[in-house]
Protein chains: 2
Amino acid sequence: MAKIKASRNGTKKDAITKKAAGLFRKKGFASSSMRELADSIGVEASSLYNHIGSKSELLQSICFKVADDFNKHLAGVEGSGENSISKLENLIRFHIHMMLDSYDEVFVANHEWKQLQEPFLNDFLNQRKLYENALVEIVTTGINKTEIKNIHPYVAVLTILSAVRGLEFWHRHKKNVGIEELENDMVNHLLKGLTK
Amino acid sequence: MAKIKASRNGTKKDAITKKAAGLFRKKGFASSSMRELADSIGVEASSLYNHIGSKSELLQSICFKVADDFNKHLAGVEGSGENSISKLENLIRFHIHMMLDSYDEVFVANHEWKQLQEPFLNDFLNQRKLYENALVEIVTTGINKTEIKNIHPYVAVLTILSAVRGLEFWHRHKKNVGIEELENDMVNHLLKGLTK
DNA sequence: TACAAAAACTAATAAGCGTTAGTTTTGTGT
DNA sequence: ACACAAAACTAACGCTTATTAGTTTTTGTA
């Protein structure tokens, strides 16, 4: 009779959710079964239901926790008096850190949000839209202040957000490049380009 | 008794695979059922098996067709005598066009390859690795020839490939920006950066 | 018009799914 | 040591899944 172990500052529900993030990342939400999740914890599937409400709820917890983290950071950046390039740099670096610190959760939020049920799906997409819009606003302001070259703001935001998402692939290659070099190179590439 | 309609230059299998790509993109491979696919064609699920081998086979067809298209284009670029920046520009523009022309298929290849079964999974990942390596080689050569600034080549390749993948989100916003403007802005951003 | 092949159908199978009910074990505070 | 609550267990439910077998309908050709 194995037991679910909660880490120091978390509930058992948190421990389950953490494991779920890892499983959902590896196999995808729909291809992950509750029996598999339970196995990875060392317990029977039905035992999980003493701590969680449903499989869907696990996905919701993961996605909205990630969204919250990004939204809170964004609010801080918006409140700062930095110029637009600095704000973008700040945001890019935060994305990189989130991806490296909370790999499983960010990955799942990025890839499995489609499997959210209504009304959560709508809520999530809405939050993402607002986040994108805030970044577009920063770029637009930068263009007006001639800090940023004339480019379609949404294209720039799309490029930045997508590039940063690509760090998902990084875990395979971590050995070759240090985090700081990675971070600086990517920031430099996205802000100043490749050409000399 | 409905019938499966093959388009002019394709088999019925092709018609099914095309529909499958659309369905897999919308709902994910694992969350798509053969009954659903059959419904969208207007036929019973079991009838599909007169034309295809299995659900997995559909995914394989989609993923490897996309991989082939990219590999063939890459071979052409490698054989050309262009400098490295032009090669990269050529590749970026091809990725953009593929994403816009074969949206469903490229999306599925990008998102659902994890659901491939062995040995196809290994094969697919191997091909992608080779593709990445070829791009790294182009960037490295560019750096040596001082056409490209000093940057970790893999970071640059990762940034480019990820940015281009982000065009998946484009279909939602097509109305606001023309394809050419999008293409030019993204190429410009990735090669020359944002700052003035 | 008749015959054969292609392609649709109905029906069923076995396996796996999330989840629930009911029971037993474990841990905690007195 | 006893009682109570938390959390594990076993067993089962109803449902969906991909796929197969066997049959009927449609289509193309002689």
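Cα-Cα pairs above 16 Å in segment B:71-122: how many percent?
Working: 722 of 1326 pairs.
Roughly 54 percent, once rounded to a whole number.
Going 7 Å from Cα along the Cα-Cβ axis for the label, what nanometre distances separate B:Glu181 from the same residue across the other copies?
4.0
If you put +1 on each Lys and Arg Cβ and -1 on each Asp and Glu Cβ, how big is the dipole of the protein assembly as shown around its Cα centre, in Debye rounded to 20?
Details: 54 positive and 48 negative charges, 129 e Å.
Here the size comes out at about 620 debye.
For B:Ile148, list long-range residues whose amide hydrogen, built 1.01 Å from N in the peptide plane, is under 5 Å from its own amide hydrogen.
Correct list: B:Ile143.
Calculated from DSSP H runs of 4 or more alone, at -39500 (n - 2.57) each and per residue, what is the 222 nm mean residue ellipticity of chain A, nearest 500?
Result for chain A, helices only: -22000 deg cm²/dmol.
How many nanometers, to one decimal and shortest first, lie between the label point of A:Lys145 and those of its other copies, if labels sit 7 Å from Cα toward Cβ?
3.9
If I model a spin label at B:Asn133 and B:Asn110 as a point 7 Å from the Cα along the Cα→Cβ vector, what separation in nanometres do I get?
It works out to 2.5 nm between the two label points.
So the label point sits 7 Å from Cα along the Cα-to-Cβ vector; using that for A:Arg35, what distances do you get to the other copies, in nanometres, sorted shortest first?
For A:Arg35, the other copies' label points sit at 2.0 nm, shortest first.
Set the Förster radius R0 to 41 Å, insert the Cβ-Cβ distance between A:Ser80 and B:Leu100 as r into 1/(1 + (r/R0)^6), and round the FRET efficiency to 0.05.
Efficiency for this residue pair is about 0.65.
Can you flag which of A:Lys19/B:Lys27; A:Lys19/B:Lys149; A:Lys114/A:Lys149; B:Lys3/B:Lys65; B:Lys26/B:Lys149 are past 31 Å Cα-Cα?
A:Lys19/B:Lys149; A:Lys114/A:Lys149; B:Lys26/B:Lys149
Counting only C-alpha contacts under 8 Å and six or more residues apart, can you give the relative contact order of chain B as a whole percent?
Over chain B, the number comes to 21 percent.
Counting every Cα pair in chain B, what percent are over 26 Å apart?
Here the tail beyond 26 Å accounts for 42 percent of pairs.
Using r as the Cβ-Cβ distance of B:Asn50 and B:Lys26, and R0 as 41 Å, what FRET efficiency do you calculate, to the nearest 0.05?
That pair, B:Asn50 with B:Lys26, gives E of 0.95.
Pop the C-beta distance of B:Asn144 and B:Lys192 into the FRET formula with R0 = 30 Å and round what comes out to the nearest 0.05.
0.90
The numbers here are math on the coordinates, done by the rules we state, and not lab data. For clarity, every value in this text was computed on a predicted model and none was experimentally measured. Don't worry about glycine lacking a Cβ; one is built from the backbone with ideal geometry, like all the others, and counts go over all protein chains shown.
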